[in-house]
Protein chains: 2
Amino acid sequence: MKKAIATQSIQNYLKHIYELTEGGQPASTTDIARELNVKPASVTGMVQKLAAEKPALVGYQKHQGVTLTAAGKKAALEVIRHHRLLETWLVQTLGYSWDEVHEEAERLEHVISEDFESRIAAALGNPTRDPHGELIPTEDLKMPPDKSIPLSSLRPNQTGIIQRVNAQNADLLRHLDELGLVPKVCVEVVEYSSFDNNLTIKVGSKSLVLGSNITTKIFIKCG
Amino acid sequence: MKKAIATQSIQNYLKHIYELTEGGQPASTTDIARELNVKPASVTGMVQKLAAEKPALVGYQKHQGVTLTAAGKKAALEVIRHHRLLETWLVQTLGYSWDEVHEEAERLEHVISEDFESRIAAALGNPTRDPHGELIPTEDLKMPPDKSIPLSSLRPNQTGIIQRVNAQNADLLRHLDELGLVPKVCVEVVEYSSFDNNLTIKVGSKSLVLGSNITTKIFIKCG
DNA sequence: AAAATAATTTAGGATAGACTAAATTTTACG
DNA sequence: CGTAAAATTTAGTCTATCCTAAATTATTTT
């Protein structure tokens, strides 16, 4: 009897492969390895197993990178739904702040039942976004369309409303919170430096200069 | 670099050893094996590792059974506190019924943080008993004293209030629920059969005949 | 007290999932 | 193009945790 891959491994691999392939490009073993804090060689081994599952969870041709199959994508969206519902729920019912939730959700996402998932979804009124503004996959595991664009793509005189902040690092999130760069807040670009891609923006009454390490993580709905 | 035992293994072993040694007697490898659904030989191996930890988590002399050290007991009570708080909280905030919670709590208990633990404890008003009436270890990891006695020890004309039901099996719990044998309910013993130890009891307006498979799991505060 | 039975431990093996080092393939560039 | 650099894969190792089978120790029976 061949032993199954641990579901936690599967879920972590698929979740990160999903995020890396959102742009449409296959993910390299190196990138996956960096995300998972594992060596590239380990990724090769695991990815070969994921491709050998029935049904296959990833498409994989050596040196051509890794993509998700329909089954793999579904499994990935299931974990992401768990994660984002959990974050929402930790913030709303237990008073966590948006910078504290990630770690806790990261551990819980692998162990909760579907029953638990639907109970918290219902208790929260089937939310569509998590505390960072990220879209929550629907119950039938479709990722809703996202029309937001990175703050880094705005130019002087353009304005927008912060829709989502794509970051997990607690320190960074706390920093952004202090700057007031949280979902639903209005921002206006004042100046753009083509030299270093820094943006000078106005948030409320404050002026801020932001590097691309931040502006590429904040997504805007143009207004 | 010696690799640590997985915390989930540690916790599951300690939790079950705690329960088996509550009577004061050391636990045999066979009993532990049955509880954990592993073979006795595996228990021997793991118990030797637990005894070699610094500080030691179990006391262990070959052929003499296994006991918990102070450190091991503390770790066991930590998991039990997690479990019972989780059960309480699943029932009270997500509408689980008392027969559904065990499985879910069993998986969550190993992954929640201390922060999570104290948040739910506070949200619940630091409860002292879980939905089955079992005592919840205190925050400083002491198990409160329990003065309840098994229903099986009552005799005709004696009455009591159900304090706790020591069972996890969902089907059994559902059955007990249907019979009305839940904490805080009043029972009166009508008849005792020394032949098979069956008790005939009155609960509300109903009369029931209960075997020892049930009467030894229901604990009573004499009234 | 010897023999039979039960419980426990030892010894040896499997598998999952990580790692390292070496071999190979792809990509970039003079 | 052809070679250097980068990325990837292969091969082999390690540890945790389980397993089975055989050996040993404890307990019970006669």
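Every condition in (1) within 14 Å of chain A (Cβ to nearest Cβ); (2) in contact with a His (Cβ under 8 Å, 6 or more places away or on another chain) holds for residue B:32 except the one numbered (1). Scanning the stretch A:80-95 for residues that are in contact with an Asp or Glu (Cβ under 7 Å, 6 or more places away or on another chain) and within 10 Å of chain B (Cβ to nearest Cβ) returns a single hit, A:90. Among the residues of the stretch A:66-97, those identified as within 16 Å of DNA strand C (Cβ to nearest atom) and crowded, with 20+ Cβ neighbours inside 10 Å are A:66, A:72, A:75, A:79. Going by the conditions given, is residue A:126 open to solvent by 60 Å² or more (accessible area, probe 1.4 Å), outside the structural domain of residue A:200 (by TED's automatic domain parsing) and modelled with pLDDT of 95 or more? Criteria met by residue A:126. Filtering the stretch B:5-42 to residues that are among the acidic types (Asp, Glu) and within 14 Å of DNA strand C (Cβ to nearest atom) leaves B:31, B:35. Taking the criterion of being closer than 14 Å to residue B:84 by Cα, within 14 Å of another protein chain (Cβ to nearest Cβ) and surrounded by 14 or more Cβ atoms within 10 Å (Cβ to Cβ), would at least one residue in the stretch B:130-139 satisfy it? Scanning the stretch B:130-139 turns up no residue that is closer than 14 Å to residue B:84 by Cα, within 14 Å of another protein chain (Cβ to nearest Cβ) and surrounded by 14 or more Cβ atoms within 10 Å (Cβ to Cβ). For the stretch B:85-118, filtering for residues that are touching a residue at least 40 places away in the same chain (Cβ under 8 Å) and within 23 Å of residue B:36 (Cβ to Cβ) leaves 8. Scanning the stretch B:155-163 for any residue that is of a type in the set (Ser, Thr, Tyr) and not assigned by TED's automatic domain parsing to the domain that holds residue B:197 turns up nothing.
Scanning the stretch A:28-55 for residues that are acidic (Asp, Glu) and within 11 Å of DNA strand D (Cβ to nearest atom) returns a single hit, A:31.
Where strands (runs of 3 or more DSSP E) fall entirely within the stretch B:123-223, those with at least 2 residues that are of a type in the set (S, T, N, Q) are at B:159-165. Answer yes if at least one residue in the stretch B:181-196 is within 24 Å of the chain's Cα centre (by Cα) and of a type in the set (Gly, Ala, Ser), and no otherwise. Among the residues of the stretch B:181-196, not one is within 24 Å of the chain's Cα centre (by Cα) and of a type in the set (Gly, Ala, Ser), which makes the answer no. Given the criterion among the charged types (D, E, K, R), within 14 Å of chain B (Cβ to nearest Cβ), over 15 Å from the mean Cα position of the chain (by Cα) and open to solvent by 30 Å² or more (accessible area, probe 1.4 Å), identify the matching residue among A:100, A:117, A:106. Result of the check over A:100, A:117, A:106: A:100. Of the helices (runs of 4 or more DSSP H) that lie entirely inside the stretch B:1-60, those containing 2 or more residues that are under 11 Å from residue B:72 (Cβ atoms) and β-branched (Val, Ile, Thr) span B:7-20.
The values are calculated or read from the model by the stated rules, or taken from the named source; none is laboratory data. Note that the structure is a prediction, hence the values are computed from the model and not measured. Positions of Cβ are backbone-derived with ideal geometry, glycine not excepted, and every protein chain shown enters the neighbour counts. Each accessible area value is taken on the protein alone, full model and side chains, heavy atoms only, with ligands, DNA and RNA left out. Shrake-Rupley method; radii C 1.70, N 1.55, O 1.52, S 1.80 Å.
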